[in-house]
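Undergrad: The structure that follows is given in the form of structure tokens.
The values are calculated or read from the model by the stated rules, or taken from the named source; none is laboratory data. In this text the structure is predicted, and so the values were computed from the model without any measurement. Glycine also receives a Cβ, built like all others from the backbone with ideal geometry; neighbour counts cover every protein chain displayed.
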Amino acid sequence: MNPFKNMKHIPTHEELVDKAFRKASKVSRDPHVKDKVMREKLLEMQKISTVSNVIRDNIKEIIRSVPNLDEVPEFYRKLIEISMPVDDVKKALATLNWISKKVRELELDYANKIKGENSIKRVKNVRRAFYGRVSSLIKKRRDAFHTLIQFKKLTAEFPSLKDMPTIIIAGYPNVGKSTLLRKVTGAQPQIADYPFTTKKLMVGYLDNELQLIDTPGILDRDPSKMKGIERKAITAISTLPSLMLYVFDVSETCGYDIEKQIGLLKRLMSLFPNLRIVCCINKMDLCQDEEKLRKLRDELEKLGLRWLETSSEDEKSIEELIKFLRVEMKNRASPRRRRHGHIPVREIKP
Ligand SMILES: Nc1nc2c(ncn2[C@@H]2O[C@H](COP(=O)(O)OP(=O)(O)O)[C@@H](O)[C@H]2O)c(=O)[nH]1
Ligand SMILES: [Mg+2]
């Protein structure tokens with residue numbers, strides 16, 4: 001799940017100070033206190049502690065609502081780093097914490113000063129001086145608020161992915177990726193925004209133990225044609241504890257011939273050198289050209305990749321794909337290239 005989903009609203013420094021002063025302005029005099037000066041002293045002291053409490057409570061809640069940045073999955077850290085250094089966020093949180101301590105110190109300091117005064121005018125001046133100190137203290141550190149506002153805005157758009165073994169599906173458009181995702185997970189996939197791209201991710205789950213992600217518009221084209229930021233966003237995906245399933249359309253009805261499809265596979269292999277990739281030769285029901293199929297099998301054998309032959313129309317091949325993916329996920333820690341390792345090929349009659 002998006003670990004930042006429950007992050008609190010971050011006010012600007014002005015909003016926070018205004019909120020505190022507004023609350024303090026509602027404090028009223030205690031009519032039971034007969035002594036006029038004492039009554040004002042108590043009133044102003046209460047204003048001071050109200051300002052301090054509002055600021056410190058708000059800061060506490062903000063800090064508590066941000067998950068420990070050293071503990072969030074690397075995928076989310078990488079997404080943050082695309083647009084801001086994680087250290088800036090940590091520093092901003094530390095600054096807020098410091099503000100909170102400092103405001104408490106000022107509160108005690110100025111409350112003591114009020115105790116020592118004996119004219120209403122001077123008591124009011126002390127309270128005003130406290131307001132001034134608090135305002136300028138926070139104003140000087142307004143950047144910390146801005147950083148966190150930006151951070152909140154950024155993370156709110158992060159996709160909600162689970163921290164579980166993940167299969168990312170790649171391959172040219174129309175090779176059958178989304179259909180396979182639907183068949184394998186048996187449900188309507190969830191659609192999630194993918195930040196920094198105009199693209200959406202499709203996410204589905206297999207028995208709540210495997211997460212499958214289809215990345216329309218992202219892992220279905222030449223990575224060299226992508227913008228820097230998109231490439232970074234893709235690199236974040238590869239940090240998921242994952243396996244890539246590269247889908248071929250052996251019928252070429254997708255509009256990309258086998259050579260092109262092999263070309264994309266090779267580029268993805270070099271873009272993700274540490275990611276285990278397995279393949280699926282799909283649309284076997286439309287396969288007319290045995291020669292093409294043979295060449296593709298040879299090529300995958302040469303690349304040392306494991307594959308399965310499927311058709312979305314053939315339930316049996318989907319069941320085998322599920323088994324295949326489970327086994328491959330378990331093996332993902334071992335090297336990608338395995339000679340003589342491909343699993344028995346099922347023949348699907350056209
Ligand atoms: N005959 C046949 N059609 C398929 C198969 N898989 C997908 N399709 C069709 O191919 C088209 C593209 O599929 P889609 O899943 O949207 O491809 P994507 O762009 O890779 O996600 C759709 O019309 C599917 O119904 C298959 O195994 N056999
Ligand atoms: Mg699709």
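Undergrad: Can you name the residue in the stretch 133-155 that is farther than 18 Å from GLU15 by Cβ and not polar (S, T, N, Q) and is also surrounded by the most Cβ atoms within 10 Å (Cβ to Cβ) among such residues?
TA: Taking the candidates together, the pick is LEU154.
Undergrad: Ok, one more. Which residue out of ARG267, ARG276 is at pLDDT below 95, farther than 24 Å from ASN208 by Cα and either hydroxyl-bearing (Ser, Thr, Tyr) or touching a Ser or Thr at 6+ places or on another chain (Cβ under 9 Å) (or both)?
TA: Testing whether each residue is at pLDDT below 95, farther than 24 Å from ASN208 by Cα and either hydroxyl-bearing (Ser, Thr, Tyr) or touching a Ser or Thr at 6+ places or on another chain (Cβ under 9 Å) (or both) leaves just ARG267.
Undergrad: Can you name every residue in the stretch 177-218 that is under 16 Å from the mean Cα position of the chain (by Cα), β-branched (Val, Ile, Thr) and more than 25 Å from LYS330 (Cβ to Cβ)?
TA: ILE191, THR197, THR198 - these are the residues of the stretch 177-218 that are under 16 Å from the mean Cα position of the chain (by Cα), β-branched (Val, Ile, Thr) and more than 25 Å from LYS330 (Cβ to Cβ).
Undergrad: A further question follows. In the stretch 159-171, how many residues are buried (at least 18 other Cβ atoms within 10 Å of the Cβ) and either under 21 Å from VAL327 (Cα atoms) or touching a helix residue (DSSP H, G or I) at 6+ places or on another chain (Cβ under 6 Å) (or both)?
TA: Matching residues across the stretch 159-171 total 7.
Undergrad: Within the stretch 243-255, is even one residue at pLDDT 85 or above, part of a loop (DSSP other than H, G, I, E, B), buried (at least 18 other Cβ atoms within 10 Å of the Cβ) and in contact with an Asp or Glu (Cβ under 7 Å, 6 or more places away or on another chain)?
TA: no
Undergrad: Shifting gears a bit: Counting only residues that are at pLDDT 90 or above and surrounded by fewer than 21 Cβ atoms within 10 Å (Cβ to Cβ), how many does the stretch 210-234 have?
TA: 1
Undergrad: For the list (1) part of a loop (DSSP other than H, G, I, E, B); (2) within 16 Å of ligand 2 (Cβ to nearest atom), I need the number of the one condition that GLN288 fails.
TA: (2)
Undergrad: Just checking: which of the helices (runs of 4 or more DSSP H) contained wholly in the stretch 113-229 hold 3 or more residues that are touching a residue at least 24 places away in the same chain (Cβ under 8 Å) and within 14 Å of ligand 2 (Cβ to nearest atom)?
TA: 177-185
Undergrad: Filter the stretch 284-308 down to the residues that are within 34 Å of the chain's Cα centre (by Cα) and of a type outside the set (A, V, I, L, M, F, W, C) and list them by number.
TA: GLY304, ARG306
Undergrad: Name the residue, out of THR179, THR95, that is in the same structural domain as ILE62 (by TED's automatic domain parsing) and among the hydroxyl-bearing types (Ser, Thr, Tyr).
TA: THR95
Undergrad: Given the condition in contact (Cβ under 8 Å) with a residue 24 or more places away in the chain, among the polar types (S, T, N, Q) and within 30 Å of PRO195 (Cα to Cα), answer yes or no: does some residue in the stretch 244-258 qualify?
TA: Within the stretch 244-258, none of the residues are in contact (Cβ under 8 Å) with a residue 24 or more places away in the chain, among the polar types (S, T, N, Q) and within 30 Å of PRO195 (Cα to Cα).
Undergrad: In the stretch 205-224, how many are of a type outside the set (A, V, I, L, M), out of contact with any Gly (no Cβ under 8 Å at 6 or more places or on another chain) and farther than 17 Å from PHE272 by Cα?
TA: Of the residues in that region, 6 qualify.
Undergrad: To continue, here is another question. Just a yes or no: is a residue in the stretch 331-350 more than 16 Å from ligand 2 (Cβ to nearest atom), under 29 Å from GLU209 (Cα atoms), at pLDDT 80 or above and not acidic (Asp, Glu)?
TA: No, the stretch 331-350 contains no residue that is more than 16 Å from ligand 2 (Cβ to nearest atom), under 29 Å from GLU209 (Cα atoms), at pLDDT 80 or above and not acidic (Asp, Glu).
The rows are residues; the columns are (1) part of a helix (DSSP H, G or I); (2) more than 29 Å from LYS162 (Cα to Cα); (3) among the hydroxyl-bearing types (Ser, Thr, Tyr).
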{"position": "GLU40", "(1), (2), (3)": "yes, yes, no"}
{"position": "SER49", "(1), (2), (3)": "yes, yes, yes"}
{"position": "ASP70", "(1), (2), (3)": "no, no, no"}
{"position": "GLU81", "(1), (2), (3)": "yes, no, no"}
